[in-house]
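Derivation of every value follows stated rules applied to the coordinates shown; laboratory data play no part. Nothing here was measured: the structure is a model prediction, and the numbers come from that model. All Cβ positions, even for glycine, are placed from backbone atoms using ideal geometry, and neighbour counts span all protein chains on display.
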Amino acid sequence: MNPYASIWRSIGWRSLLALPLFAVGLRFFSGAADGGSLADVASALAGIGCFLAGAVVVAPGIAALFAEPLASIYMPSETRDKPPPMYGIADARRANGRYEAAMEYLEAILRNHPQELKAYLALIEVAALDLKDKRRARHILARGLASLTDPGDRAVLKAMHEAIVSRLQSQPAVALQAPPRVTGKPAPEK
């Protein structure tokens, strides 16, 4: 919403309240302009009081009108209801080999941001590449396709799932071997 619309609306309502005060103040001033008697001074003071009251009624709206451009620099009006998701924790857990903990964190992101494509992609990647669980990756794909509303996001999710799973199928199975153990004394230098 445009903040200036509410400011102008406020100024309009406040002006409607202040106009009678200005009119009464003008009436008091016009009556006091004739002479220098005590009644004329009292009438002029009453007119000044009415003008001041009207100005106090209108002043907050006018101040807001001038303050809005400066205030928007320091306090933007566009705020999010929820903070944006942070993937660094999930990435760190994944890098440390804590794949299930990374999956739990990504699931927590999806609870708060169900339309977050990146979280679905990261879940599929962890499930397929790190945990080697194609069935779980397919289940995450199905969940993502069901919950994502943007057709472009769904297409990207499906294409990335296919690419990740095909990458898993193209990797040859490698038997883990322990590095050769070195025993004895090092060879003498020549």
What does the charge add up to near Leu145, with Lys and Arg as +1, Asp and Glu as -1, over the other residues with Cβ less than 10 Å from its Cβ? +2
proj_area_mean for the range 88-170 (convex hull on C-alpha atoms), units nm², value 4.9 nm²
